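S.K.: One structure follows; several queries about it will come next.
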Amino acid sequence: ATGNGQVAQLNKVGRLVLGGCFFFAVFHAGLWLVLSDFTDVPGVPDSLQYDEIARNLIAGKGYALSRGEGYEPTLLREPGYPAFLAVVYSVGGHSRTAAKLVQILLFGVITLLAYVLAFELLASRRAALAVSGLTLGSFNLASYSTLLLSENLITLVLLIAIITASGALRRDGFTLLL
């Protein structure tokens, strides 16, 4: 039986390999940020709307998608990602680059969580390492981490939820669902 105990018992070489995967994922996504010249993709309204809502949250104007006077609440965007941006902006100033750097670190964590999930499901370190390698080598995933879009954050949350549910089901069986 696999489980979190086996993942925690990785030998020194395994920890170095996973650390290398994290480092390479961050490096890979960082290259995309440098290649994009730290600019945003023009014409992506999602990014602009997330940014506007986050700035309004910080300014105490609520969950609004409007500028100037007369802020009106909106339900156009789900609240998770704009709230995440608001936290990053609160810590790092209104810096889109800081938000992208945080997302690059999240991509590194996603790579590690892909390993954990694959190991939980496949019970093979080699297969889990292959999954982690495919994740960190994905051009699409790496480049998305440099955009102010919700995909990176939701991927992280989804992986955590699946790993948690998998562990609970393995430990408690289907009685947990009843």
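S.K.: Select the helices (runs of 4 or more DSSP H) contained entirely in the range 108-178, then report the ones holding at least 3 residues which are farther than 30 Å from residue 79 by Cβ and not aromatic (Phe, Trp, Tyr).
M.R.: Details: elements: 125-137, 139-144, 151-172.
Because the criterion is at least 3 residues that are farther than 30 Å from residue 79 by Cβ and not aromatic (Phe, Trp, Tyr), the helices (runs of 4 or more DSSP H) in the range 108-178 that meet it are 125-137, 151-172.
S.K.: For residues that are open to solvent by 20 Å² or more (accessible area, probe 1.4 Å) and among the aliphatic types (A, V, I, L, M), scanning just the range 137-148, find the one that is nearest to the chain's Cα centre (by Cα). Give the derivation first.
M.R.: Step one: list which residues in the range 137-148 are open to solvent by 20 Å² or more (accessible area, probe 1.4 Å), which gives 137-141, 143-144, 147.
Now narrow it down to the ones that are among the aliphatic types (A, V, I, L, M): 141, 147.
Values: 141: 10, 147: 12 Å.
Top of the filtered list is 141.
S.K.: Could you check, for the range 103-111, whether at least one of its residues is touching a residue at least 12 places away in the same chain (Cβ under 8 Å) and out of contact with any helix residue (DSSP H, G or I) (no Cβ under 7 Å at 6 or more places or on another chain)? Quick ask: steps written out before the conclusion?
M.R.: Initially, the range 103-111 is screened for residues touching a residue at least 12 places away in the same chain (Cβ under 8 Å), giving 103-111.
Filter again for out of contact with any helix residue (DSSP H, G or I) (no Cβ under 7 Å at 6 or more places or on another chain), leaving none.
Within the range 103-111, none of the residues are touching a residue at least 12 places away in the same chain (Cβ under 8 Å) and out of contact with any helix residue (DSSP H, G or I) (no Cβ under 7 Å at 6 or more places or on another chain).
S.K.: How about the range 120-137: which of its residues are farther than 14 Å from residue 15 by Cα and of a type outside the set (D, E, K, R)? Full working, then the answer.
M.R.: Step one: filter the range 120-137 for residues farther than 14 Å from residue 15 by Cα, giving 120-124, 127, 130-131, 133-137.
Listed by number, the residues that qualify are 121, 122, 123, 124, 127, 130, 131, 133, 134, 135, 136, 137.
S.K.: In addition: From (1) over 20 Å from residue 159 (Cβ atoms); (2) open to solvent by 70 Å² or more (accessible area, probe 1.4 Å); (3) more than 16 Å from the chain's Cα centre (by Cα); (4) not hydroxyl-bearing (Ser, Thr, Tyr), pick out the condition that doesn't hold for residue 101.
M.R.: (3)
S.K.: For the range 51-83, how many residues are modelled with pLDDT of 85 or more, open to solvent by less than 40 Å² (accessible area, probe 1.4 Å) and on the phi < 0 side of the Ramachandran plot?
M.R.: 8
S.K.: Residue 94 fails exactly one of the following numbered conditions: (1) part of a helix (DSSP H, G or I); (2) closer than 20 Å to residue 46 by Cα. What is the number of that condition?
M.R.: Of everything listed in (1) part of a helix (DSSP H, G or I); (2) closer than 20 Å to residue 46 by Cα, residue 94 misses just condition (1).
S.K.: Tell me which residues, restricted to the range 112-136, are of a type outside the set (A, V, I, L, M, F, W, C), without any contact (Cβ under 8 Å) to a residue 60 or more places away in the chain and open to solvent by less than 50 Å² (accessible area, probe 1.4 Å).
M.R.: Residues of the range 112-136 that are of a type outside the set (A, V, I, L, M, F, W, C), as a first pass: 115, 120, 124-126, 132-133, 135.
From the residues that got through so far, the ones that are without any contact (Cβ under 8 Å) to a residue 60 or more places away in the chain too are 124, 126.
Scanning the range 112-136 gives a single hit, 124.
S.K.: From the list 85, 57, which residue is under 22 Å from residue 143 (Cα atoms), among the aliphatic types (A, V, I, L, M) and not in a loop (DSSP other than H, G, I, E, B)?
M.R.: Details: 57 fails: under 22 Å from residue 143 (Cα atoms).
Sole residue among the options that is under 22 Å from residue 143 (Cα atoms), among the aliphatic types (A, V, I, L, M) and not in a loop (DSSP other than H, G, I, E, B): 85.
S.K.: Scanning for something free of Cβ contacts under 8 Å to residues at least 40 places away in the same chain and over 25 Å from residue 47 (Cα atoms), does the range 140-155 turn up at least one residue?
M.R.: Checked against the condition, which is being free of Cβ contacts under 8 Å to residues at least 40 places away in the same chain and over 25 Å from residue 47 (Cα atoms), the range 140-155 yields no hits at all.
The values are calculated or read from the model by the stated rules, or taken from the named source; none is laboratory data. Only a predicted model underlies this, so the values are computations on that prediction, with no experimental measurement involved. Every residue, glycine as well, gets a Cβ built from its backbone with ideal geometry; the counts of neighbours run over all protein chains shown. Remember, those area values only see protein heavy atoms, side chains included, never the ligands or the DNA or RNA. Shrake-Rupley method; radii C 1.70, N 1.55, O 1.52, S 1.80 Å.
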